[in-house]
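Report on the following structure.
The values are calculated or read from the model by the stated rules, or taken from the named source; none is laboratory data. Predicted model, so just to flag it, every value in this text is computed and none were measured. Glycine gets a Cβ as well: all are built from the backbone with ideal geometry, and neighbour counts include every protein chain shown.
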Amino acid sequence: MKVRPPTLRTKRRYLLVRVFPPWQETGEKALYLAIADAVTSLFGDVRAAVVQPAVLSREGEHAILRCQRGTEGDLAVACSTVTAVGDAKIALRTVAVSGTIAALKRRLLEGGPRKGPESVAYGEKESPAFRYGRHKVDVLQEGIKKQSRVFLTDHEREEI
């Protein structure tokens with residue numbers, strides 16, 4: 001079978017999406033089902049068929065999604081309404097939209113690799129901490145009943 005020439009191929013757009021919180025593990029299929037459900041509930045079955053959402057990969061805290069050209073805005077809106085994947089509470093934020101996967105991967109590498117949780121002394125004991133960009137740090141504290149998040153501001157941080 002011959003390959004279709006570029007003029008006859010369907011045009012697609014690719015979205016780079018950040019998954020919050022980054023330590024939440026979700027499978028690609030479960031993420032796809034949550035996004036497809038969000039697109040269907042917002043725009044209906046007909047528009048969801050036009051958008052054709054797909055999850056291509058999930059690497060760390062980022063996922064690459066695919067849709068038809070012209071519908072990337074609809075997919076970005078639907079991603080912002082996703083609040084859970086299965087039992088895991090998550091949020092999806094669109095970082096970039098591109099016509100090629102290679103451009104998104106380049107963009108991902110330019111942002112620099114995110115480190116896993118670092119250990120921070122907060123209070124009397126060590127706690128895992130996650131850094132977002134330059135300004136926000138989340139510290140997870142284990143309590144007697146449950147795990148709680150502590151948000152630190154610039155005044156509370158001490159850089160070494």
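Data for the structure
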{"read-out": "All positions within segment 4-20 that are of a type in the set (A, V, I, L, M, F, W, C) and modelled with pLDDT under 90", "value": "Leu8, Phe20"}
{"read-out": "Of residues in segment 71-93 being closer than 18 Å to Ala30 by Cα and of a type in the set (S, T, N, Q), the one surrounded by the fewest Cβ atoms within 10 Å (Cβ to Cβ)", "value": "Thr83"}
{"read-out": "Segment 21-38, subset surrounded by 15 or more Cβ atoms within 10 Å (Cβ to Cβ) and either among the β-branched types (Val, Ile, Thr) or closer than 22 Å to Leu109 by Cα (or both), residue modelled with the highest pLDDT", "value": "Ile35"}
